[in-house]
Amino acid sequence: MSNDIKEKILSLVSEYADMYHKPRTYKPGDKLSYSGRVYDNLEMVNLVDSALEFWLTSGRFTDEFEQKLADYICVKYCSFVNSGSSANLLAFMALTSPLLEERAIKRGDEVITVAAGFPTTVSPIIQYGAVPVFVDVTIPKYNIDVAQLENALSERTKAIMLAHTLGNPFDIAKVKAFCNKNNLWLIEDNCDALGSLYTIGGTTAKTGSFGDIGTSSFYPPHHITTGEGGAVYTNNPLLAKIMRSMRDWGRDCVCASGQDNLCGHRFDGQFGVMPTGYDHKYVYSHFGYNLKATDMQAAIGVAQLDKIEAFVKARRHNFEFLNTALSSLSSKLILPEACECSVPSWFGFMITCREGVNRNKLVRYLEENNIQTRMLFAGNIVRQPCFDSCEEGNDYRVIGDLKNTDTIMNDTFWIGVYPGLDEPAMSYMIDTIKTGI
Ligand SMILES: Cc1ncc(COP(=O)(O)O)c(C=O)c1O
């Protein structure tokens, strides 16, 4: 009986989604978002299915989502979390675990990164009391200038933490070789690059699988969405264990939500100076957080992951469409370029205005004409108010003059390539850019 009711509800939800959440085709006057959710009845059915089950915290959909995402990226371990920022926090903090012994990042140790990007790639480093070392980027790839890595290295360097900017992979071959040579950890912030490919030594793999840890965001503009959500992934069993512990309050026990005594030794253990047999569920091997997401979010993600190949294909197609049409403006605008050995899964289409074209005027014109634009997030993060209380040389270091990073802050913006944009929409974007410069 209850199954009959559930089938009826889910069938009605499906009908409702088909009726009221139809994908829109472009009509003149529509506002063109830089990105957004793309979904159909399957996401809504999964969401309601999970709601009817009312498990709420991580459960069967979370297990399925983590396995599917790990399979997609080709990594062994994956943990679903409540945002990309939480994923970055967890990835960085895992590297401070005492379980890593002499390789653990300590306060005052340095992490090489870039200043042109999203703030929460950098904030865990600062919050912990480690020192970000900012290296300039190159234009038009918008990723770290690997020629400056040696200058950034010091005796205290422990890790490199970088995003693949707007889906364009950084020079993974050089960065990884540098990490291997100097015994550094590598965190790939893969939040904007799900599905990007990179080839090293004849082997092609997904970004996020090259570093020690990869991170994802599933906030609605991203390649797939769970509303709020993110993930960390790794092939390293120790890092996977540390991240699970820190995600789940810092606990030592690995029982899932609602599970007790999986190992059969819940009341037998001896942990340091604690009383013998203290309930293992309440033994804390780390100072942790609770960064878990809900099963309802995972339920949406399971349906989204079935569509990832189509999403990535559409993003690549839209990028090429814009790139071809805007190439006639290359004397006025610098157009983006993919990193060597990569096939990006683009998050957006980056444009840098050459001398004589005013970025702010162009952006305002596009916005007034219903085309949503975005900056490359913080621009040069060192110039943001959050850095006012930080002291250069002490709280952070800068290599060189960050000239290109400043160019990005002053002259760069980006527009969308997401699957919700059809060719008439992009043709309108192209015509408007042409009249606006
Ligand atoms: C490169 C990068 N890292 C991290 C994040 C943070 O993700 P979230 O918004 O899910 O916290 C974002 C957000 O868009 C991002 O672009």
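Overview of results
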quantity	calculated
Where Ala159 falls short, out of the listed (1) assigned to a strand (DSSP E or B); (2) farther than 18 Å from Ala338 by Cα; (3) in contact with a helix residue (DSSP H, G or I) (Cβ under 7 Å, 6 or more places away or on another chain)	(3)
Complete set of residues in the stretch 267-288 that are in contact with a helix residue (DSSP H, G or I) (Cβ under 6 Å, 6 or more places away or on another chain) and either under 27 Å from Phe54 (Cβ atoms) or outside any loop (DSSP other than H, G, I, E, B) (or both)	Gly288
Leading residue by the ranking (farthest from the ligand (Cβ to nearest atom)) among those in the stretch 197-210 that are in contact with a helix residue (DSSP H, G or I) (Cβ under 8 Å, 6 or more places away or on another chain) and in a strand (DSSP E or B)	Ile200
Total residues in the stretch 1-55, condition charged (D, E, K, R) and within 25 Å of Arg315 (Cα to Cα)	9
Within the stretch 211-221, tally of residues that are out of contact with any Leu (no Cβ under 7 Å at 6 or more places or on another chain) and part of a loop (DSSP other than H, G, I, E, B)	4
Single condition Lys141 does not satisfy, out of (1) farther than 30 Å from Ile334 by Cβ; (2) touching a residue at least 24 places away in the same chain (Cβ under 8 Å); (3) among the basic types (Lys, Arg)	(1)
Cβ-Cβ under 8 Å pairs, at least 6 apart or on other chains, the stretch 53-77 side in contact (Cβ under 8 Å) with a residue 40 or more places away in the chain, far side exposed (fewer than 14 other Cβ atoms within 10 Å of the Cβ) and assigned to a helix (DSSP H, G or I)	Lys76/Pro237; Tyr77/Pro237
Breaking point among (1) closer than 24 Å to Val312 by Cα; (2) within 16 Å of the ligand (Cβ to nearest atom); (3) among the aliphatic types (A, V, I, L, M), for Val114	(1)
Top-ranked residue of the stretch 162-196 - restricted to ones that are within 18 Å of Met93 (Cα to Cα) and outside any loop (DSSP other than H, G, I, E, B), ranked as farthest from the ligand (Cβ to nearest atom)	Trp185
Single residue of the stretch 370-387 satisfying the filter (of a type in the set (A, V, I, L, M, F, W, C) and more than 17 Å from the chain's Cα centre (by Cα)) that is surrounded by the most Cβ atoms within 10 Å (Cβ to Cβ)	Ile381
Among residues of the stretch 50-68, those that are out of contact with any Ser or Thr (no Cβ under 6 Å at 6 or more places or on another chain) and either within 16 Å of the ligand (Cβ to nearest atom) or closer than 17 Å to Lys307 by Cα (or both), counted	5
From Ser327, Ser345, Ser331, residue being without any contact (Cβ under 8 Å) to a residue 12 or more places away in the chain, of a type in the set (Ser, Thr, Tyr) and either away from the ligand (no atom under 16 Å from the Cβ) or within 30 Å of Gly202 (Cβ to Cβ) (or both)	Ser327
Filtered residue count, the stretch 69-111, keeping only those that are more than 21 Å from Ala205 (Cβ to Cβ), touching a Pro at 6+ places or on another chain (Cβ under 8 Å) and more than 13 Å from the ligand (Cβ to nearest atom)	4
Criterion violated by Asp192 - all others in (1) surrounded by fewer than 21 Cβ atoms within 10 Å (Cβ to Cβ); (2) within 10 Å of the chain's Cα centre (by Cα) satisfied	(1)
Test for Gly272: is it more than 25 Å from Cys341 (Cβ to Cβ) and within 16 Å of the ligand (Cβ to nearest atom)	no
Tally, over the stretch 111-165, of residues that are farther than 18 Å from Phe347 by Cβ and touching a His at 6+ places or on another chain (Cβ under 8 Å)	0
Residues of the stretch 1-35 classified as crowded, with 16+ Cβ neighbours inside 10 Å and out of contact with any helix residue (DSSP H, G or I) (no Cβ under 6 Å at 6 or more places or on another chain), total	3
Some residue of the stretch 219-227 being in contact with an Asp or Glu (Cβ under 9 Å, 6 or more places away or on another chain) and over 23 Å from Gly117 (Cβ atoms)	no
Matching option when the condition is in a strand (DSSP E or B) and either at pLDDT below 95 or touching a Phe, Trp or Tyr at 6+ places or on another chain (Cβ under 9 Å) (or both), among Phe65, Phe80, Phe92	Phe80
Residue pairs meeting the criteria (Cβ under 6 Å; at least 6 apart or on separate chains; first modelled with pLDDT of 95 or more, in the stretch 259-274; second polar (S, T, N, Q) and surrounded by fewer than 11 Cβ atoms within 10 Å (Cβ to Cβ))	Gln270/Thr276
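A quick yes/no check of all residues on (1) polar (S, T, N, Q); (2) part of a loop (DSSP other than H, G, I, E, B); (3) away from the ligand (no atom under 16 Å from the Cβ); (4) more than 28 Å from Trp55 (Cα to Cα):
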{"position": "Leu238", "(1), (2), (3), (4)": "no, no, yes, yes"}
{"position": "Ser245", "(1), (2), (3), (4)": "yes, no, yes, no"}
{"position": "Gly258", "(1), (2), (3), (4)": "no, yes, yes, no"}
{"position": "Asn261", "(1), (2), (3), (4)": "yes, yes, yes, no"}
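The values are calculated or read from the model by the stated rules, or taken from the named source; none is laboratory data. Owing to the predicted nature of the structure, the values given are computational and were not obtained by experimental measurement. All Cβ positions, glycine included, derive from the backbone under ideal geometry; neighbour counts span all protein chains shown.
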